Amino acid sequence: MTTVVRVLSFLRPYRLRVLAAIALGCATVAANIGLVAVAGYLIAAAALKPALLALSVPIYLVRFFGVTRAFLRYGERLVSHSVTFALLAEMRIWFYSRLEPLAPASLSMHRTGDVLARMVKDIDELENVYLRVFSPLIVALVTASAVAVLLGVFNLWLMLVAIPFLLLAGLGVPLLGRALAARVGEDLPHIRGELSAQAVDSIQGMQDLLIFGREASVRGRIAALERQSGSVERRLTRVAALQSGIGDFLAAGCATAVVTVAIPLVTTGRIGGVYLAFLAVMTLATFEVLQPLATVFPLMDRTRTSGDRLFEIADSQPNVREAAQTISAPLDIDLEFSHVSFAYNADMPPVLDDVTFSVRRGMHVAVVGASGSGKSTLLSLALRFWDVDAGMVKFGGADARQLTLDAVRAQISVVMQEVALFTDTLRNNLRIARPDATEADLLWALDTACLGDLVDRLPDGLDSWIGEQGLQLSGGERQRLAIARALLKTAPILALDEATANLDPITEATVLSQLLAAATDRAVLLITHRLVAMEEMDEILVLDRGRIVERGTHAELVDSRGAYWRLQEAQNELFAIT
Amino acid sequence: MEMTRNVARQLGLGSRIVAPAVVFGVLNTAALVAEMWLLSRVVADVFVGHDHVATVVPLLSLLALTLVLRAALVTARDASAGLAAIRARGRLRRRVIDHLLALGPAYARGERTGELVAATTEGIDRLDPYVSRYLPQTILGLAIPLIIAVAVLTQDWVSATLLLVTAPIIPLLMILVGSYAEGHIQQQWEALARLSAHFLDALQGLPTLKAFGRGKAEQATISRISHDFRDRTMRVLRFAFLSGLVLEFITAGAIALIAVTLGVRLLSGSISFERAFFVLLLTPEYYRPLRELGQHRHAAMEGAVSGNRLAEILATPVASPQPDNGVPAPAGPIRLELDAVSYTYPGRSRPALADVSLALPVGTRTALVGRSGSGKSTLLNVLMGFLTATGGEILVNGVPLSTIAPEEWRSRISFVPQRPHLFHGSIAENIALGGPEARLDEIEWAAELAGAMDFIQSLPERTTTLIGDGGARLSGGEAQRLAIARAFLKDAPLVLFDEPTSNLDPRSETLIRGALERLTQGRTLLVVAHRLNTIYTADNIVVLEEGRLVEQGRHADLLGSGGAYSRLHGPGRLVPA
């Protein structure tokens, strides 16, 4: 419940609009009930054959309700949807602002891509909380109470007989659904997940399955899961059907009960007979507003699950924080690791163990080693995505932890292993690195990254859309784009993490030599497992399980016939072009 | 866009499957007419006839009876529609999976897999509202108004005429307004899709944004885009809700019109109160199905999108139809002969394989080399029977491959892919793919031979450790050793091996080489080779270029001839003596 309230609290800036939406919702229902109820009164009154003038008010009301109902409904839908989309917008903005300081360190216990996609869906899921939970509840409460009071005005007995029916329809039917279906319903997401995992296995693993003749077992597993989910779904379907059957019964039943109670009141003259039709029709029409409540509980549960997932992440504390007192940005551009040790988790073995090295202006340093040796972690620490456990990362001699996060990140331009591009134009994707870059800057960066021809190939040049919803780039093109982007950023240190892994050997060598030539006055840190352009490096560090096991120039390391030499031998074993 | 009748029937979603729901719906409407008639009688008897409670008790009891009957009918209607949808979805899912398996991995490969998974899971689930709500409504939307109109006609032909005249206006105006709105909606759609993608992008790209010092600046963009998104959505909805407005306006207007006409005619005495009240009670019910049909249109459109995609999948012809009475695959060692084998992908003009003639004698090792796109994978797929050669013939110990049932043939092959798929399950289950009835000691024996035992020992629960989606992560070299273990367990006479293109850690490298050595003892091997050692030691090296076999022979001979192989091999290589 608190989760739902907390979600709804995001609507506070939109109080007035929420009130307007609810007022319109009530007015729509009133017009709907009013139309048929007054029509009932109208024909009853007409049956008494009064002068036409006596009927002018009911005739006018019937016409009025008939015309306004549609417009009220249209207005209500517009305002309530604008409230909903305002809520979603507020949630997105807020959620991003909470996530920004957390990424990526505090998110590392969640698996990334998948979880993020799910969070986007979780926010979308909150669409229901106002439209299908909050608003129908309030509108139903207000209008049903109003009708009950109106019945009471005619005669207290009418109200007393209607109230149990209204309560049963508005509260009993939803509760019945929850009692019969909630438990089994909980299994459904689990079974669906299994079914989806099985589909993934059977489609992505099809080659292996067919070669090993396991089609039958796949069919069997899918059929079994289908049976399981079928039995749960059948139960849910039957419960929902029962709910609508009972809902229908209560509506007509209430009208019948009200008429039955009213008959003696009419015959004894306590209620005018002319109102009998009015009362019957009004009661019947009221129940339409209660029927949407049947699904309130499951929707509320979904809101709670989604909300909890979002709040759990948003409420966690970032593990890298600004120092209370920061010093101004360093003048010198050296990056220095001094006896750095680090573990992602206290229970796990350290990823880096007593690592010391430095990169100075104009110096090109490579870090090589097998995957899992801790190479990428060096970058995460330099960017202060994490803070070191022991030792110190220094910029121009100053401890990185005493600089502001912005100052640290202004020092380094990076190409990360997983290239993130944005669904935007090519121009804007590059300008992330330097918002004021000129056209010439952009073209220079693309050329240096051997991507100059891309602009000519694209339909709208620099203004072509790329990314998920735009043009799909190949892995190699994405990497070169990331390199161009990093070149644009005017940071003194350039760091590349497996930045050329998807390029063919010839392009790889060209890109690297152009890049190093363009960065003669920068400090370059090249992290790689492929030994390319190593001759151009001032120092090569060989990392193995978090420790620097060898260091020196290419020639020195080849001569010493150690770990570096073995890496090179393994690479030479590969056939040249494939 | 809607699903055509043809597509629906092909998917097993024809109207017939909701026939029971329609019957219950029709019966419910009949009962509703009776209910309204009884209610109008009771009210009229008391109001006009001044009857007492006692005299209307029979009518009231009948009314109560109808209510119970209707509750049962509504329950039955909704339940049978829902159950029909569940059955139809289950049937469809099994059919699609069967068809995908028949189409084989050549169809379901690469980036398409994600889309296919979505189509068979969420795509099929999205058909639920289509079947359970929209489909019955397409018939009931016609049947219910018709029943009510007939009922009204028996009492008052004037009102019946009004009902029948107003009804066709609704769909007509809806189509008119709909097509007007459609244009506006389409315009906004592309922009909306981009905006929603931006948010996901920003979340996924957060580390990049922060590294460029743009994390905070992006917040302003997110805020601007979120508000823009909201405004655009509202602009779309303003039009999307228009047809609802028209619908509501006509129905409410028609109810008001009928009520006022009834009132005026009551004054003139041309109709009785009882009949007028009965007509008034039925009028909203007449329009209700039309309103509901409008509400379910969304379900119809979503269903159409998934339905059309599924129909497309099912309509894809299976490349290698199973021979009806295939001959059994030859037992014992395997000798393969390819005689001018060609393959052209459907819709392409250039063949992916052209006139490839090749012999794989029993117990030999053949290395297949060539640039990516030269036809190596196509050749593997043809050999495994996932693609049927469009020209030439493959002979297995002299028997044409096309006469052997594919499943039978595959039982004679082991295949070790570059990136084997790890199924969700234990290590043992993953290895046992190569022999479902294998005992644990046999599995461990296979893992030992494959050089996989050392990393399995280091896992927390050894052979019962869960891997695959959500399980422990294995490196490329470890995954391939599991695939080799599968091959040992299967013990097939023909081994196809796709060597990894990338660097493996030195330990995996050594272990895989040793395992492969053991696996190919006494078996016929074809390897797509990327490693010099594999190539140097092969009995025969086959060079593919643009689908053609351009050279074959031993390393020394090929290098000496100065042809395609020596060009591929590159100048600066050290050549072992």
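The values are calculated or read from the model by the stated rules, or taken from the named source; none is laboratory data. In this text, all values refer to a predicted model and were calculated from it rather than measured experimentally. When we count neighbours, we look across all protein chains shown, and the Cβ atoms used for this are built from the backbone with ideal geometry, even at glycine. Just so you know, the surface numbers come from the protein's heavy atoms only, side chains and all, with ligands and any DNA or RNA stripped out. Shrake-Rupley method; radii C 1.70, N 1.55, O 1.52, S 1.80 Å.
Observations, loosely collected:
- Charge dipole of the protein assembly as shown about the Cα centre (unit charges at C-beta), most positive-ward option of B:Val131, A:Pro350, A:Tyr74: A:Tyr74
- Rg and Dmax, both from the Cα atoms of chain B and both in Å, are 35.4, 119.
- For region A:335-577, the spread of Cα coordinates along the three principal axes comes to 50, 47, 36 Å, biggest extent given first.
- Contact order normalised by residue count of region A:335-577, Cα under 8 Å, 6+ apart, percent: 28
- In chain B, the DSSP beta bridges split such that about 50 percent are antiparallel, to the nearest 5.
- Highest mean packing comes first when the peptides B:4-10, A:486-492 are listed by Cβ atoms within 10 Å, giving A:486-492, B:4-10.
- Set of lysines near B:Lys376 by C-alpha distance (under 22 Å), chain-local residues within fewer than 8 positions excluded: none
- Cα centroid separation, region B:339-358 to region B:285-301: 53 Å.
- The ellipsoid equivalent to the alpha-carbon distribution of the protein assembly as shown has semi-axes of 69, 38, 25 angstrom, derived from the gyration tensor eigenvalues as √(5λ) and listed largest first.
- Burial annotation for region B:221-245: residues with an accessible-area loss of at least 30 Å² between the isolated chain and the complete set of protein chains, computed on heavy atoms with a 1.4 Å probe, are B:Ile222, B:Ser226, B:His227, B:Phe229, B:Arg230, B:Met234, B:Arg238, B:Phe241, B:Leu245.
- Across chain A, the relative contact order, built from alpha-carbon pairs under 8 Å that are at least six residues apart, equals 14 percent.
- Cα long-axis angle, helix B:506-519 against chain B (0 to 90 degrees, to the nearest 10): 80
- Peptides A:218-225, B:541-548, A:301-308 ordered by average Cβ neighbours within 10 Å, highest first: B:541-548, A:301-308, A:218-225
- Ranked by how many other beta carbons lie within 10 Å on average, peptides A:24-30, B:432-438, A:560-566 from highest: A:24-30, B:432-438, A:560-566
- Antiparallel content of DSSP bridges confined to region A:335-577, in %, to 5: 50
- Multiplying each eigenvalue of the alpha-carbon gyration tensor of region A:2-314 by 5 and taking the square root yields semi-axes of 49, 26, 16 Å, largest first, rounded to whole angstroms.
- When the trypsin sites (Lys or Arg not before Pro) in region B:212-256 are filtered for DSSP coil states and for at most 11 other beta-carbon atoms within 10 Å of their beta-carbon, no site remains.
- Low-density loop cleavage sites - trypsin sites (Lys or Arg not before Pro) in region B:398-442, where at most 14 other Cβ are within 10 Å (DSSP): B:Arg439
- Candidate lysines for bridging to A:Lys489, where Cα separation is under 29 Å - those fewer than 8 sequence places away on the same chain excluded: A:Lys375, A:Lys394, B:Lys210, B:Lys216
- For chain A, the longest principal axis of the Cα atoms and the long axis of helix A:173-204 meet at an angle of about 30 degrees.
- Estimated from helical segments only, the mean residue ellipticity of the protein assembly as shown at 222 nm is -20000 deg cm²/dmol, where each DSSP H run of four or more residues counts as -39500 (n - 2.57).
- Residue-averaged beta-carbon neighbours from other chains (10 angstrom radius) around B:81-94: 4
- Neighbours of A:Ala294 by Cβ distance under 13 Å: Lys/Arg scored +1, Asp/Glu scored -1, total -1.
- Using alpha-carbon coordinates, inclination of helix B:215-240 to the longest axis of chain B, degrees: 40
- Residues of region A:119-161 that lose at least 20 Å² of accessible area (1.4 Å probe, protein heavy atoms only) when the other protein chains are present, relative to their chain alone, are A:Val120.
- Centroid-to-centroid, using Cα positions, region B:34-52 and region A:20-39 are 27 Å apart.
- For chain A, the square roots of the Cα gyration tensor eigenvalues, ordered a ≥ b ≥ c, give a/c of at least 1.5 with a/b greater than b/c, which places it in the prolate category.
- Region A:2-314: relative contact order as a whole-number percent, Cα under 8 Å and 6+ apart: 32
- Placing +1 on the Cβ of every Lys and Arg and -1 on the Cβ of every Asp and Glu, with nothing else charged, gives chain A a dipole about its Cα centre of roughly 3680 debye.
- Restricting attention to the protein assembly as shown, close to 50% of DSSP beta bridges with both partner residues there are antiparallel.
- Take each residue of peptide A:527-534, count the partner chain Cβ atoms within 10 Å of its Cβ, and average: the result is 1.
- In the context of the full set of protein chains, residues of the protein assembly as shown present 42 Å² of accessible surface per residue (probe radius 1.4 Å, heavy atoms only).
- When accessible surface is computed with a 1.4 Å probe, chains B and A are found to bury approximately 12600 Å² between them, both chains counted.
- Between the alpha-carbon centres of region A:129-179 and region B:422-440 there is a gap of 58 Å.
- Gyration tensor (alpha-carbon) shape descriptor, region B:81-186, a/c threshold 1.5: oblate
- Only protein atoms count toward the accessible area here, which uses a 1.4 Å probe; on the protein assembly as shown, the carbon and sulfur part of that area reaches 57 percent.
- For the peptide B:424-431, the mean number of other protein chain Cβ atoms found within 10 angstrom of a residue's Cβ is 1.
- Histogram of C-alpha separations across region B:1-151, 10 Å bin width, %: 10, 28, 23, 16, 11, 7, 3, 2, 0
- With the charge dipole of the protein assembly as shown set up from +1 on Lys and Arg Cβ and -1 on Asp and Glu Cβ about the Cα centre, the Cα lying farthest toward the positive end among the listed residues A:Tyr96, B:Ala515, B:Gln552 is that of A:Tyr96.
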